Amino acid sequence: MPETVTTPRVLPEIKVERPRLYKVMLVNDDFTPRGFVVMVLKAEFKMAEEQANQVMTTAHQRGVCVVAVFTKDIAETKAANATDMARRKEYPLLFTTEPEE
């Protein structure tokens, strides 16, 4: 009787990558009141008053500021929600997203 040889099946190793992160950016404008910008940062990004003031001031001085870093879906949702809050009050405040390097 012939001898049966069995070899174990080797499953391919699955490599899981971390999701790419995206920055939410606050773009400065000269029309939206600073108090409103701080209110949006506190409401949408759960920032403390002092941190929101620092982010708003940095955006005002440099033209743009990183607000936070999230996965793509969360970053896009938060940026859209924050921008929509401003649009409802007819302010040109803008939040954008871009990939983190």
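FYI, it's all coordinate maths here, none of it is from the lab. Keep in mind the model is a prediction, meaning the values are calculated, not measured. Glycine gets a Cβ as well: all are built from the backbone with ideal geometry, and neighbour counts include every protein chain shown.
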**Spatial extent of the chain: Rg and Dmax, with the Cα atoms as the point set, Å** = 23.0, 90
**Request:** Treating cross-link reach as a plain straight distance, find the lysines whose alpha-carbon is under 25 Å from the alpha-carbon of Lys72, omitting any fewer than eight places away in the same chain.
**Result:** Lys15, Lys23, Lys42, Lys46
**Fill in**
In this structure, the FRET efficiency calculated for Glu76 and Arg18 from their beta-carbon separation, with R0 = 25 Å, to the nearest 0.05, is 0.90
**Message:** I'd like the trypsin sites (Lys or Arg not before Pro) in the range 1-44 restricted to DSSP loop residues with at most 13 other Cβ atoms within 10 Å, sorted by number.
**Reply:** Arg9, Lys15, Arg20
**Item:** Ranking of Leu94, Leu21, Leu11, Leu26 by count of other Cβ atoms within 10 Å, fewest first
**Value:** Leu11, Leu21, Leu94, Leu26
**Request:** Tell me what the chain gives for mean residue ellipticity at 222 nm when only DSSP H runs of n ≥ 4 count, each as -39,500 (n - 2.57), the sum divided by the residue total, rounded to 500 deg cm²/dmol.
**Result:** -14000 deg cm²/dmol
**Prompt:** Considering only Val64, Met47, Val10, whose Cα is most displaced toward the positive end of the charge dipole of the chain, charges sitting on Cβ of Lys, Arg (+1) and Asp, Glu (-1)?
**Reply:** Met47
**Asked** In debye, nearest 20: dipole of the chain around its Cα centre with unit charges on the Cβ of K, R (+) and D, E (-)?
**Response** 180
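Got the relative contact order for the chain handy, in percent, Cα pairs under 8 Å and 6 or more residues apart?
The value is 41 percent.
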